[in-house]
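*Asks:* Got a structure for you, written out below as structure tokens; questions coming shortly.
The values are calculated or read from the model by the stated rules, or taken from the named source; none is laboratory data. Bear in mind that the values here come from a model prediction, so they are computed numbers and not experimental data. A quick note on method: Cβ atoms are made from the backbone with ideal geometry, for glycine too, and the neighbour counts reach across all protein chains shown.
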């Protein structure tokens with residue numbers, strides 16, 4: 001990539017370069033997984049952080065995509081909280097037209113359905129997750145959400161797009177599709193991982209191919225408002241290690257005033273320095289130090305005869321384990337609640353993924369938690385490891 005995917009500027013600087021990495025959710029039985037260059041760039045003109053080389057999104061989000069939202073209690077609970085908040089905020093009646101983009105296995109729309117909402121549509125490009133939603137009675141179109149596609153569906157009173165804006169190769173086409181899909185008084189809510197939290201906490205393992213962009217509020221607001229939309233409110237939320245929820249309306253919608261949260265967050269990001277490359281300058285050295293610390297810690301445990309395994313097979317776990325250059329000789333296996341990932345391999349490492357039942361049978365000494373954003377949920381569910389003196393390892 002020689003120019004920014006947003007503003008076409010050629011003034012790009014490298015934030016971090018991982019070299020060759022597998023696709024983070026490419027869980028297959030074969031040990032010969034394909035790897036691609038993974039380098040993250042910062043645009044000095046529009047401040048967009050982006051993957052240097054884009055992989056075809058149809059390769060990443062394929063029919064066998066393995067991420068299913070419903071396996072996490074934390075995500076379900078967040079969905080219930082969102083439902084209560086948005087229906088109260090918008091005074092949404094049961095006849096409202098609700099569209100969710102990247103609806104995955106339909107977990108969120110199922111909450112609306114259980115509460116009596118029936119005019120629901122999910123849009124999900126991965127057949128594996130969409131089929132699960134359809135099986136559970138959620139009307140779902142198996143398509144990528146594009147401007148052309150938006151012309152084929154009905155308009156929305158509420159359009160939901162959680163953890164998808166950064167996953168699209170053409171962000172302008174996607175936002176144009178949102179604008180076209182809204183009723184004149186319709187509202188969209190968009191959630192994405194907040195670049196501020198990613199950099200502040202140095203979450204280097206959250207960089208992977210299927211996140212084409214990494215958004216500050218400044219840049220997201222600029223892109224969205226270039227398409228006849230207004231961001232009238234924003235919330236900082238805890239999901240995914242720190243995310244933003246944006247509330248969006250059409251330009252002429254007078255029902256919702258712009259809150260002070262908008263200007264407050266712009267000021268916060270500028271004070272932090274997200275409009276300058278300098279704020280990214282020590283991320284690479286931090287990542288290298290973290291890698292060395294984790295490798296030494298686990299090597300020391302294994303040297304004295306302790307068994308160390310992993311819990312979870314999240315995308316960030318794929319990146320971390322590959323960055324550590326770990327294989328099944330370092331970590332014998334990991335476990336995951338998602339049956340769609342079980343009996344497959346962590347991409348690029350050949351570490352097998354088993355059912356969580358294996359923990360009770362095998363009684364490992366240490367369990368290294370990979371999905372650290374739900375570590376409390378995991379530790380609470382598996383307190384029984386204390387029975388044999390087992391301990392959890394967390395690095396965040």
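*Asks:* For the structure I just gave you, tell me whether residue 272 is modelled with pLDDT of 95 or more, closer than 25 Å to residue 16 by Cβ and not assigned by TED's automatic domain parsing to the domain that holds residue 326.
*Replies:* Yes.
*Asks:* Kindly list the number of the only condition in (1) more than 17 Å from residue 203 (Cα to Cα); (2) under 18 Å from the mean Cα position of the chain (by Cα); (3) assigned to a strand (DSSP E or B) that fails for residue 220.
*Replies:* Checking residue 220 against (1) more than 17 Å from residue 203 (Cα to Cα); (2) under 18 Å from the mean Cα position of the chain (by Cα); (3) assigned to a strand (DSSP E or B), the one that fails is (3).
*Asks:* Answer with yes or no whether residue 223 is in contact with a strand residue (DSSP E or B) (Cβ under 7 Å, 6 or more places away or on another chain), at pLDDT 95 or above and in the same structural domain as residue 125 (by TED's automatic domain parsing).
*Replies:* Against the criterion (in contact with a strand residue (DSSP E or B) (Cβ under 7 Å, 6 or more places away or on another chain), at pLDDT 95 or above and in the same structural domain as residue 125 (by TED's automatic domain parsing)), residue 223 does not qualify.
*Asks:* I'd like to check which helices (runs of 4 or more DSSP H) are fully inside region 296-381 and have at least 3 residues that are in contact with a strand residue (DSSP E or B) (Cβ under 8 Å, 6 or more places away or on another chain) and surrounded by 19 or more Cβ atoms within 10 Å (Cβ to Cβ).
*Replies:* 315-323
*Asks:* Evaluate region 189-199: report whether one residue or more is surrounded by fewer than 21 Cβ atoms within 10 Å (Cβ to Cβ), on the phi > 0 side of the Ramachandran plot and touching a strand residue (DSSP E or B) at 6+ places or on another chain (Cβ under 8 Å).
*Replies:* no
*Asks:* Is it true that residue 159 is assigned to a helix (DSSP H, G or I) and touching a helix residue (DSSP H, G or I) at 6+ places or on another chain (Cβ under 8 Å)?
*Replies:* When the stated conditions are applied, residue 159 does not pass them.
*Asks:* Which of the residues belonging to region 114-133 are part of a helix (DSSP H, G or I) and surrounded by fewer than 17 Cβ atoms within 10 Å (Cβ to Cβ)?
*Replies:* 114, 127, 131 - these are the residues of region 114-133 that are part of a helix (DSSP H, G or I) and surrounded by fewer than 17 Cβ atoms within 10 Å (Cβ to Cβ).
*Asks:* Still on this structure: Working only within region 12-48, note down all residues that are assigned to a loop (DSSP other than H, G, I, E, B) and at positive phi.
*Replies:* 47
*Asks:* Working only within region 143-167, note down all residues that are closer than 14 Å to residue 103 by Cα and either buried (at least 17 other Cβ atoms within 10 Å of the Cβ) or touching a residue at least 60 places away in the same chain (Cβ under 8 Å) (or both).
*Replies:* 144, 145, 158, 159, 160, 161, 162, 163, 164, 165, 167
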